[in-house]
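K.L.:
There's a structure below that I have some questions on.
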Amino acid sequence: MILLCVRWYLAYGLSLRDLKEMIAERGISLDHSTIHRWVVHFSPLLLKRFNQRKRAVTRKWHADETYIKVRGRWMYLYRAIDSVGDTVEFWFSEHRDLPAARRFFRKALARHGRPDRIVIDGSQTTREAIVSYDATNRLQHRSRRRPAPIRIRQSQYLNNRIEQDHRRIKRRVRSMVGFKSFASAVATLGGIEMIHMVRKRQARYAYNPDPSIAEQFEIIAAA
């Protein structure tokens, strides 16, 4: 029942009070704050297990950031998808600046390796973050032949793909009526991004090539 509540909350446009009423119809009395604690506790654990099954991404990325409100203040969700629309990585930050952008690309490159090209919009900060981190990464490379610099393509038109992808995340967040703390936002957004990747079938399942969302969630939870 706990994991069912967590999945329904992350996957569908339900409020905590909606879930409370739905569970009450099944004869179980819960406070909506209990469901919220479950979501915050289990989302990071489920995301970690999902990442252990996550398929490799392509070497062409689209990167951008979008806005999420926490405690009435706008904060920033950095995201990247690959050339087929699969989620590469995400990073939630209180600030939209060079250190935040660098942390995002450090996380993405550490997990997925170096892309050949990254498409961004006109943000000079994002460009500086890629260039500076890429230069450091190339200097630290241990092979005799250093990798070529990551190519950067700045084009708002070409980045429509990730802007469309943002909408699926923001649509779910909108029905939550804002986050009350940065920590709960980080945990919940991780769960929402995980469900988004589940819908894209970004994980490997050895014994079931075409599982439903519920089946994928059960496999991840049981891992």
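K.L.:
For the Cα atoms of the chain, what angle does the longest principal axis make with the long axis of helix 32-53, in degrees from 0 to 90, nearest 10?
P.N.:
Taking Cα atoms only, the helix is inclined about 40 degrees.
K.L.:
Lysine pairs in the chain 8 or more apart or on different chains: how many have alpha carbons under 16 angstrom apart? Walk me through the intermediate numbers first.
P.N.:
Working: Lys48/Lys107; Lys54/Lys107; Lys54/Lys200; Lys69/Lys170; Lys69/Lys180.
For the chain, qualifying lysine pairs total 5.
K.L.:
Taking the Cα of Arg199, stepping 7 Å toward and past its beta carbon, and measuring to each backbone N in the stretch 150-183: which are under 13 Å?
P.N.:
164-175
K.L.:
While we're looking at this one, here's another question. So which GluC sites (Glu not before Pro) in the stretch 64-153 end up in coil per DSSP with only 16 or fewer other C-beta atoms within 10 Å? Please report the intermediate quantities before stating the final value.
P.N.:
Values: sites: Glu65, Glu89, Glu94, Glu128; in loops: Glu94.
The qualifying sites are Glu94.
K.L.:
I need to check one value: relative contact order of the stretch 60-163, counting alpha carbon pairs closer than 8 Å and at least 6 residues apart, in percent.
P.N.:
28
K.L.:
Once you have the Kirkwood Rh of the stretch 60-163 from its Cα pairs, apply Stokes-Einstein at 4 °C and 1.567 mPa s and quote D in µm²/s.
P.N.:
Values: Rh = 14.1 Å.
For the chosen part, D equals 92 µm²/s.
K.L.:
Using only Cα atoms, tell me the angle between helix 213-222 and the longest principal axis of the chain; keep it within 0 to 90° and round to the nearest 10.
P.N.:
90
K.L.:
With label points built 7 Å along Cα→Cβ from the Cα atoms of Asp210 and Ala110, find their separation and express it in nm.
P.N.:
In this crude spin-label approximation the distance works out to 3.9 nm.
K.L.:
Within the stretch 9-55, list the trypsin sites (Lys or Arg not before Pro) lying in a DSSP loop whose Cβ has at most 10 other Cβ atoms in a 10 Å radius. Please list the in-between numbers first.
P.N.:
On the way: sites: Arg17, Lys20, Arg26, Arg37, Lys48, Arg49, Arg53, Lys54, Arg55; in loops: Arg26, Arg55.
When the trypsin sites (Lys or Arg not before Pro) of the stretch 9-55 are filtered for loop state and at most 10 Cβ neighbours within 10 Å, Arg26 remain.
K.L.:
Which number do you get for Rg(Cα) / (2.2 N^0.38 Å) in the stretch 109-176? Could you put the intermediate results ahead of the total?
P.N.:
Values: Rg = 15.4 Å, N = 68, 2.2 N^0.38 = 10.9 Å.
Cα Rg divided by the expected 2.2 N^0.38 Å: 1.41.
Coordinate-derived values only; no laboratory data. Since the model is a prediction, treat every value here as computed from it, not as a measurement. Note that each Cβ is placed from the backbone with ideal geometry, even for glycine, and that neighbours are counted across all protein chains shown.
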